[in-house]
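The values are calculated or read from the model by the stated rules, or taken from the named source; none is laboratory data. Predicted model, so just to flag it, every value in this text is computed and none were measured. Ideal geometry is used to build each Cβ from the backbone, glycine not excepted, and the neighbour counts take in all protein chains shown. All accessible areas refer to the heavy atoms of the entire protein, side chains included, with ligands and DNA or RNA removed. Shrake-Rupley method; radii C 1.70, N 1.55, O 1.52, S 1.80 Å.
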Amino acid sequence: MINECIIAHTILDDKIILAKNRDRPYDAKVKIVRELINDVEMVYIVDNDTDWSEGMNSLGIGIINSALMVNADEKEKKLAKKKGKPSEDGKKIRRALMFKKPSEAIYSVMNYTGDDKGDVGVKGHTFLATPKYTYSIEMTTEHKPVIKKLNRKDNHARTNHGYDYKDSGYTSGVNKKSSENRWQYAQDILDKTNSVDGVLNGLSAYQAKDIRHNPYRDLDKVKNPTEKDLLSTTGQILMNVTDLEFILRMDSKQSKFFGIEDRTPDHYEPKISITVQTVKNKTVK
(Lines give C-alpha, C1' and ligand atoms only; values in the text may rest on other atoms or scores of the structure.)
Protein backbone atom coordinates (compact mmCIF):
# COMPACT_ATOMS: atom_id res chain seq x y z
CA MET A 1 0.00 0.00 0.00
CA ILE A 2 1.32 3.46 -0.87
CA ASN A 3 2.76 4.84 2.33
CA GLU A 4 4.97 7.87 1.70
CA CYS A 5 5.53 9.34 5.14
CA ILE A 6 7.98 11.35 7.20
CA ILE A 7 9.40 9.98 10.43
CA ALA A 8 11.44 12.06 12.86
CA HIS A 9 13.46 11.77 16.05
CA THR A 10 14.49 14.56 18.38
CA ILE A 11 15.21 15.31 22.05
CA LEU A 12 13.37 18.15 23.81
CA ASP A 13 14.03 18.95 27.48
CA ASP A 14 15.70 15.54 27.83
CA LYS A 15 12.55 13.85 26.48
CA ILE A 16 12.98 11.34 23.66
CA ILE A 17 10.49 12.14 20.89
CA LEU A 18 9.38 10.15 17.85
CA ALA A 19 7.05 11.85 15.36
CA LYS A 20 5.43 11.05 12.05
CA ASN A 21 3.32 12.52 9.25
CA ARG A 22 1.26 9.69 7.78
CA ASP A 23 0.44 10.03 4.06
CA ARG A 24 -2.20 7.84 2.42
CA PRO A 25 -4.03 7.68 -0.94
CA TYR A 26 -7.38 7.35 0.86
CA ASP A 27 -9.23 8.83 3.83
CA ALA A 28 -7.77 6.93 6.77
CA LYS A 29 -10.04 5.20 9.28
CA VAL A 30 -7.98 4.84 12.44
CA LYS A 31 -8.46 3.62 15.99
CA ILE A 32 -6.15 3.37 18.98
CA VAL A 33 -5.72 0.08 20.82
CA ARG A 34 -4.45 -0.34 24.36
CA GLU A 35 -3.69 -3.88 25.47
CA LEU A 36 -1.63 -5.82 27.99
CA ILE A 37 0.46 -8.80 26.87
CA ASN A 38 2.88 -10.56 29.24
CA ASP A 39 2.72 -7.58 31.63
CA VAL A 40 3.73 -5.21 28.83
CA GLU A 41 1.23 -2.46 28.04
CA MET A 42 1.04 -1.52 24.37
CA VAL A 43 -0.63 1.50 22.77
CA TYR A 44 -0.77 1.64 18.97
CA ILE A 45 -2.84 2.83 16.04
CA VAL A 46 -4.68 0.44 13.74
CA ASP A 47 -5.68 1.41 10.23
CA ASN A 48 -9.07 -0.25 9.76
CA ASP A 49 -8.50 -0.72 6.02
CA THR A 50 -4.95 -2.11 5.97
CA ASP A 51 -4.27 -3.28 9.56
CA TRP A 52 -1.20 -1.03 9.67
CA SER A 53 0.09 -0.28 13.18
CA GLU A 54 2.71 1.82 14.95
CA GLY A 55 3.05 2.62 18.62
CA MET A 56 4.88 2.18 21.89
CA ASN A 57 4.95 0.03 25.01
CA SER A 58 5.20 0.69 28.72
CA LEU A 59 8.93 -0.11 28.73
CA GLY A 60 9.43 2.99 26.61
CA ILE A 61 10.00 1.21 23.29
CA GLY A 62 8.48 3.21 20.42
CA ILE A 63 8.40 2.20 16.74
CA ILE A 64 7.56 4.27 13.65
CA ASN A 65 8.17 3.55 9.97
CA SER A 66 8.36 5.20 6.55
CA ALA A 67 8.21 3.29 3.28
CA LEU A 68 10.91 2.67 0.71
CA MET A 69 9.31 2.00 -2.66
CA VAL A 70 11.40 -0.39 -4.75
CA ASN A 71 10.47 -1.96 -8.06
CA ALA A 72 9.96 -5.34 -6.45
CA ASP A 73 7.17 -3.85 -4.33
CA GLU A 74 5.10 -2.51 -7.25
CA LYS A 75 3.07 -5.71 -7.73
CA GLU A 76 2.31 -5.85 -4.01
CA LYS A 77 1.25 -2.19 -3.95
CA LYS A 78 -1.19 -2.72 -6.82
CA LEU A 79 -2.63 -5.83 -5.20
CA ALA A 80 -3.10 -4.05 -1.89
CA LYS A 81 -4.78 -1.07 -3.52
CA LYS A 82 -7.09 -3.27 -5.59
CA LYS A 83 -8.08 -5.81 -2.94
CA GLY A 84 -7.42 -4.00 0.31
CA LYS A 85 -4.89 -6.64 1.35
CA PRO A 86 -3.98 -6.17 5.02
CA SER A 87 -0.45 -5.04 5.74
CA GLU A 88 1.81 -7.74 7.14
CA ASP A 89 4.01 -4.99 8.61
CA GLY A 90 1.30 -3.86 11.02
CA LYS A 91 1.28 -7.30 12.59
CA LYS A 92 5.07 -7.31 12.68
CA ILE A 93 5.27 -3.98 14.50
CA ARG A 94 2.67 -5.08 17.06
CA ARG A 95 4.74 -8.20 17.61
CA ALA A 96 7.91 -6.16 18.21
CA LEU A 97 6.12 -4.02 20.81
CA MET A 98 5.45 -7.11 22.92
CA PHE A 99 9.09 -7.39 23.94
CA LYS A 100 10.69 -5.91 27.04
CA LYS A 101 14.26 -5.68 25.73
CA PRO A 102 15.17 -3.34 22.84
CA SER A 103 17.45 -6.02 21.39
CA GLU A 104 14.52 -8.44 21.16
CA ALA A 105 12.28 -5.79 19.59
CA ILE A 106 14.95 -4.95 17.01
CA TYR A 107 15.45 -8.61 16.16
CA SER A 108 11.70 -8.98 15.71
CA VAL A 109 11.50 -5.93 13.41
CA MET A 110 14.21 -7.45 11.20
CA ASN A 111 13.20 -11.11 11.22
CA TYR A 112 9.55 -11.73 12.12
CA THR A 113 7.14 -12.97 9.46
CA GLY A 114 3.38 -12.74 9.44
CA ASP A 115 1.20 -15.14 7.49
CA ASP A 116 3.45 -14.84 4.46
CA LYS A 117 6.62 -16.64 5.52
CA GLY A 118 8.50 -15.25 2.56
CA ASP A 119 7.88 -11.68 3.70
CA VAL A 120 10.53 -11.21 6.37
CA GLY A 121 10.83 -8.15 8.59
CA VAL A 122 9.43 -4.61 8.45
CA LYS A 123 10.39 -2.98 5.16
CA GLY A 124 11.47 0.64 4.75
CA HIS A 125 12.93 3.05 7.31
CA THR A 126 12.17 2.18 10.92
CA PHE A 127 13.05 4.22 14.00
CA LEU A 128 13.04 2.29 17.27
CA ALA A 129 13.56 4.51 20.31
CA THR A 130 13.97 3.79 24.00
CA PRO A 131 14.71 6.17 26.89
CA LYS A 132 18.42 5.30 26.49
CA TYR A 133 19.05 4.71 22.78
CA THR A 134 17.53 5.20 19.33
CA TYR A 135 18.12 2.93 16.36
CA SER A 136 17.43 3.18 12.64
CA ILE A 137 16.75 0.07 10.58
CA GLU A 138 16.72 0.24 6.77
CA MET A 139 15.66 -2.74 4.69
CA THR A 140 13.64 -3.64 1.59
CA THR A 141 12.62 -6.81 -0.21
CA GLU A 142 15.93 -6.57 -2.06
CA HIS A 143 18.22 -5.31 0.73
CA LYS A 144 19.29 -6.89 4.00
CA PRO A 145 18.66 -4.84 7.15
CA VAL A 146 21.17 -2.17 8.15
CA ILE A 147 20.86 -1.23 11.82
CA LYS A 148 22.54 1.86 13.30
CA LYS A 149 22.51 3.50 16.71
CA LEU A 150 21.67 7.15 16.09
CA ASN A 151 23.72 9.99 17.53
CA ARG A 152 21.34 11.77 19.88
CA LYS A 153 23.24 15.01 19.58
CA ASP A 154 21.62 15.32 16.14
CA ASN A 155 18.04 15.40 14.90
CA HIS A 156 17.02 12.70 12.47
CA ALA A 157 14.37 12.38 9.76
CA ARG A 158 13.59 9.85 7.04
CA THR A 159 11.33 10.10 4.03
CA ASN A 160 11.15 7.79 1.02
CA HIS A 161 14.62 7.54 -0.48
CA GLY A 162 17.47 5.31 0.64
CA TYR A 163 20.14 6.46 3.05
CA ASP A 164 22.30 3.38 3.46
CA TYR A 165 21.05 1.89 0.19
CA LYS A 166 21.20 4.57 -2.48
CA ASP A 167 19.39 2.32 -4.98
CA SER A 168 16.34 1.90 -2.75
CA GLY A 169 13.22 4.00 -2.57
CA TYR A 170 12.90 6.95 -4.92
CA THR A 171 16.13 7.27 -6.87
CA SER A 172 15.40 9.88 -9.55
CA GLY A 173 12.95 12.38 -10.98
CA VAL A 174 10.25 14.37 -9.23
CA ASN A 175 9.66 11.64 -6.63
CA LYS A 176 13.29 11.74 -5.51
CA LYS A 177 13.20 15.55 -5.44
CA SER A 178 10.02 15.48 -3.34
CA SER A 179 11.51 12.98 -0.90
CA GLU A 180 14.72 15.00 -0.52
CA ASN A 181 12.86 18.28 -0.08
CA ARG A 182 10.47 16.85 2.50
CA TRP A 183 13.47 15.44 4.36
CA GLN A 184 15.21 18.84 4.35
CA TYR A 185 12.09 20.66 5.56
CA ALA A 186 11.65 18.11 8.34
CA GLN A 187 15.29 18.48 9.42
CA ASP A 188 14.96 22.27 9.49
CA ILE A 189 11.78 22.03 11.58
CA LEU A 190 13.45 19.74 14.10
CA ASP A 191 16.50 22.01 14.32
CA LYS A 192 14.38 25.12 14.99
CA THR A 193 11.70 23.86 17.37
CA ASN A 194 12.00 23.85 21.14
CA SER A 195 8.68 22.26 22.10
CA VAL A 196 6.69 19.08 21.52
CA ASP A 197 3.83 21.08 19.99
CA GLY A 198 6.40 22.78 17.79
CA VAL A 199 7.37 19.45 16.23
CA LEU A 200 3.83 18.60 15.14
CA ASN A 201 2.92 22.21 14.30
CA GLY A 202 6.01 22.58 12.14
CA LEU A 203 5.38 19.30 10.35
CA SER A 204 1.77 20.30 9.66
CA ALA A 205 2.59 23.72 8.16
CA TYR A 206 2.89 24.60 4.49
CA GLN A 207 6.60 25.14 4.00
CA ALA A 208 6.85 24.63 0.24
CA LYS A 209 5.15 26.38 -2.68
CA ASP A 210 4.70 23.04 -4.43
CA ILE A 211 2.59 20.90 -2.10
CA ARG A 212 4.19 17.76 -3.56
CA HIS A 213 7.39 18.76 -1.75
CA ASN A 214 5.74 19.77 1.53
CA PRO A 215 6.03 17.69 4.72
CA TYR A 216 2.26 17.95 5.16
CA ARG A 217 0.54 17.16 1.86
CA ASP A 218 -2.92 17.90 0.53
CA LEU A 219 -4.09 16.49 -2.78
CA ASP A 220 -6.71 19.22 -3.10
CA LYS A 221 -3.99 21.88 -3.24
CA VAL A 222 -1.92 20.28 -6.02
CA LYS A 223 -1.86 22.44 -9.14
CA ASN A 224 -2.28 20.48 -12.39
CA PRO A 225 -2.55 17.10 -10.62
CA THR A 226 -1.58 13.87 -12.37
CA GLU A 227 -2.70 10.33 -11.67
CA LYS A 228 0.34 9.98 -9.41
CA ASP A 229 -0.81 12.81 -7.14
CA LEU A 230 -2.72 10.48 -4.86
CA LEU A 231 -1.47 11.33 -1.41
CA SER A 232 -2.63 13.51 1.44
CA THR A 233 -1.41 13.59 5.01
CA THR A 234 -4.11 11.87 7.05
CA GLY A 235 -2.67 12.57 10.48
CA GLN A 236 0.32 12.74 12.79
CA ILE A 237 1.73 10.60 15.56
CA LEU A 238 4.01 11.74 18.37
CA MET A 239 5.45 9.50 21.07
CA ASN A 240 7.33 10.70 24.14
CA VAL A 241 8.99 7.44 25.15
CA THR A 242 10.55 9.05 28.24
CA ASP A 243 7.26 10.07 29.86
CA LEU A 244 5.14 7.39 28.11
CA GLU A 245 2.91 9.81 26.18
CA PHE A 246 1.15 8.88 22.95
CA ILE A 247 -0.37 11.70 20.86
CA LEU A 248 -2.48 11.18 17.74
CA ARG A 249 -3.54 14.11 15.58
CA MET A 250 -6.17 13.30 12.96
CA ASP A 251 -6.48 15.46 9.84
CA SER A 252 -9.82 17.27 9.87
CA LYS A 253 -10.54 16.38 6.21
CA GLN A 254 -8.61 13.24 5.33
CA SER A 255 -9.33 10.91 8.24
CA LYS A 256 -11.89 9.56 10.67
CA PHE A 257 -11.19 8.49 14.24
CA PHE A 258 -12.90 5.34 15.51
CA GLY A 259 -12.06 5.72 19.17
CA ILE A 260 -9.88 3.97 21.73
CA GLU A 261 -10.30 0.22 22.12
CA ASP A 262 -9.17 -0.74 25.62
CA ARG A 263 -8.38 -4.44 25.86
CA THR A 264 -6.74 -4.28 29.28
CA PRO A 265 -8.29 -6.05 32.29
CA ASP A 266 -10.80 -4.33 34.55
CA HIS A 267 -9.22 -2.06 37.16
CA TYR A 268 -5.90 -1.94 35.29
CA GLU A 269 -4.21 1.44 35.68
CA PRO A 270 -2.66 2.52 32.37
CA LYS A 271 0.98 3.56 32.28
CA ILE A 272 0.80 5.24 28.85
CA SER A 273 -1.23 8.42 28.47
CA ILE A 274 -3.21 8.93 25.26
CA THR A 275 -4.13 12.27 23.69
CA VAL A 276 -6.24 12.57 20.54
CA GLN A 277 -6.40 15.89 18.67
CA THR A 278 -7.44 17.28 15.31
CA VAL A 279 -4.98 18.95 12.98
CA LYS A 280 -5.65 21.27 10.05
CA ASN A 281 -2.71 22.22 7.87
CA LYS A 282 -1.84 25.90 7.76
CA THR A 283 0.36 28.28 5.80
CA VAL A 284 3.60 29.58 7.27
CA LYS A 285 3.62 33.39 7.30
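For the reader, a short list of remarks on this structure follows.
- Straight-line reach from residue 177: taking Cα to Cα under 15 Å and skipping same-chain neighbours fewer than 8 places apart, the aspartates and glutamates in range are 4, 167, 210, 229.
- In the range 186-246, trypsin sites (Lys or Arg not before Pro) in a DSSP loop with at most 16 other beta-carbon atoms within 10 Å: 209, 223, 228
- Shape category assigned to the chain from the gyration tensor of Cα positions, a/c cut at 1.5: rounded
- The chain - charge dipole about Cα centre, Lys and Arg +1 at Cβ, Asp and Glu -1, debye rounded to 20: 680 debye
- Separation of alpha-carbon centers, the range 34-65 and the range 161-219, rounded to whole Å: 25 Å
- At a probe radius of 1.4 angstrom, the accessible area of the chain per residue rounds to 47 square angstrom.
- Taking the 1.4 Å solvent-accessible surface of the range 154-285 as the whole, the part contributed by carbon and sulfur is 46%.
- Three-way shape label, the range 138-211, alpha-carbon gyration tensor, a/c 1.5: oblate
- Using a cutoff of 8 angstrom between alpha carbon atoms and counting only pairs six or more residues apart, the relative contact order for the chain works out to 25 percent.
- A full extension of the chain between residue 107 and residue 12 corresponds to an added length of 31.4 nm, given 0.36 nm per residue minus the alpha carbon distance.
- Within a Gaussian network of the chain (alpha carbon springs, distance under 10 Å), most fluctuating of 55, 235, 118: 118
- Using a Gaussian network model of the chain in which every pair of alpha carbons under 10 angstrom is joined by a spring, one finds that among 213, 143, 156 the greatest mean-square fluctuation is at 143.
- In this structure, the amide hydrogen of residue 100, modeled 1.01 Å from its nitrogen in the peptide plane, lies closer than 5 angstrom to no residue at least 5 positions away or on a different chain.
- Taking every DSSP helix (H) stretch of at least 4 residues in the chain, weighting each as -39,500 (n - 2.57) and dividing the sum by the residue count yields a mean residue ellipticity at 222 nm of -6000 deg cm²/dmol.
- Which listed pairs, of 100/149; 92/144; 123/176; 20/148; 100/144; 15/132, have C-alpha distances above 22 Å, in listed order: 100/144
- Backbone geometry of the range 10-21 corresponds, through the Karplus equation with coefficients 6.51, -1.76 and 1.60 at θ = phi - 60°, to 3J(HN,Hα) couplings of 8, 10, 10, 6, 6, 9, 8, 10, 10, 9, 8, 9 Hz, x marking Gly and Pro.
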